[in-house]
Amino acid sequence: MKIAIAGGSGFVGKHIAQYFAREGHKVVILSRSEQEGYGNIEYAKWMTDGADPAKHLEGLDVMINLAGKSISTRWTEETKKEIVESRVESSREVYKILESLDQKPSVFISASAVGVYGTSEKETFTEDSAATDEDFLSDTVQKWEQEASMIRDLGIRTVYARFGIVLGEGGVLQKMILPYKLYGGGPLGSGTQWMSWIHVTDIAGLMDFIIRHDEISGPVNMTAPNPVQMETFGKTLGEVLNRPHWLPAPGSAIKLALGEMSILLLEGQRVLPKKAIESGYTFIYPSLERALSDIIK
């Protein structure tokens, strides 16, 4: 297959690109910067003056859009505007590219997020749950999916890959590990907030599964089948690292340090991958301990 990935230079994108390249597929990474390809991976410039990515995408089978400004930064009003606009603009650019192709890909996968459900300590969310606009993140995800949905009008099967917290070498896990390595790890806030996580290997595996199963469309929760509360996550991380889990980080201090972005750590949602399970996907890392043990070797 020929697979294009917008945003393929980031933490998740690199893993997905390398996964499909190892499987023998041709991967085209759409990037704003000039980069040299290697193996089954080539780069094509996009969203810059003079860029013509479409000429690299003839015969395309799959389009994946992961492009968007990172949310792991303090949310000033300007930053929030950039977070929304980067996702909307990349989705519109993908639409223009796919519309111009004589041969359309069979499937389009847009990154999304479980934040679309809002936050709760009591509810359990699946793809059947309603979206909400109770906070900045849920509102952003709805705008993101709405823009991506336009690609369905091109007759392309469209999937919204609603990511949970992605664990792997690099990414957010490295920031979580540091306090434990310094013997200062402990619960964040109340510790009762839910963390719906997934190993980055299962992100790639589940995307491959989605591509090969034509019956899957619409929202798909990209989370492991066993979400945990933050207290359990911290204890498990400490055990895998052989470090104590003892020093709490008060929610008030985290809010002071991170501002509105602190919602990512202090609030969460219990999300289950109903569609993946019912469709027959087998998770490689269904348990947190197994996932962390693989990453922290």
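Since every read-out is calculated from the coordinates, none of them should be taken as a lab result. Values in this document were obtained by computation on a predicted structure and should not be read as measured data. Every residue, glycine as well, gets a Cβ built from its backbone with ideal geometry; the counts of neighbours run over all protein chains shown.
As an exercise, find the ratio Rg/Rh for region 1-67 from alpha-carbon atoms, using the Kirkwood inverse-distance average for Rh.
Rounded to two decimals, Rg over Rh is 0.92.
If you take the Cα Rg of the chain and divide it by 2.2 N^0.38 Å, with N the number of residues, what do you get?
Against the compact-globule rule of thumb, the ratio is 1.00.
Rounded to whole Å and ordered largest first, report the semi-axes of the equivalent ellipsoid of region 164-297 derived from its Cα gyration tensor (root of 5λ).
29, 17, 12
Calculate the translational D of region 123-169 in whole µm² s⁻¹ from Stokes-Einstein, where the hydrodynamic radius comes from the Kirkwood formula applied to all Cα pairs, the temperature is 4 °C and the viscosity 1.567 mPa s.
Rounded to a whole number, D works out at 102 µm²/s.
So what's the net charge close to Val228: Lys and Arg +1, Asp and Glu -1, counting the other residues with Cβ under 12 Å from its Cβ?
My count for the surroundings of Val228 gives 0.
What is the Å³ per residue value for the convex hull set by the Cα atoms of region 46-143?
About 122 Å³ per residue, rounded to a whole number.
Would you mind working out the magnitude of the charge dipole of the chain relative to its Cα centre, with +1 at each Lys and Arg C-beta and -1 at each Asp and Glu C-beta, to the nearest 20 Debye?
Its charge dipole is roughly 720 debye.
What FRET efficiency comes out for the pair Lys81/Asp49, r = Cβ-Cβ distance, R0 = 25 Å, nearest 0.05?
Once rounded, the FRET efficiency stands at 0.65.
Name the residue farthest towards the positive end of the dipole of region 67-210 from the options Leu206, Leu173, Thr132, assuming +1 on Cβ of Lys and Arg, -1 on Cβ of Asp and Glu, about the Cα centre.
The listed residue farthest towards the positive side: Leu173.
Determine, for each peptide in 262-271, 238-247, 219-228, 24-33, the mean count of other beta carbons within 10 angstrom over its residues, then list the peptides with the highest first.
The packing order, highest mean first, is 219-228, 262-271, 24-33, 238-247.
Hand me the GluC sites (Glu not before Pro) from region 1-77 located in a DSSP loop with no more than 10 other Cβ atoms within 10 Å, in residue order please.
Glu34, Glu36, Glu58
How many angstrom lie between the Cα centre of region 157-174 and the Cα centre of region 16-78?
Here the two parts' Cα centres lie 16 Å apart.
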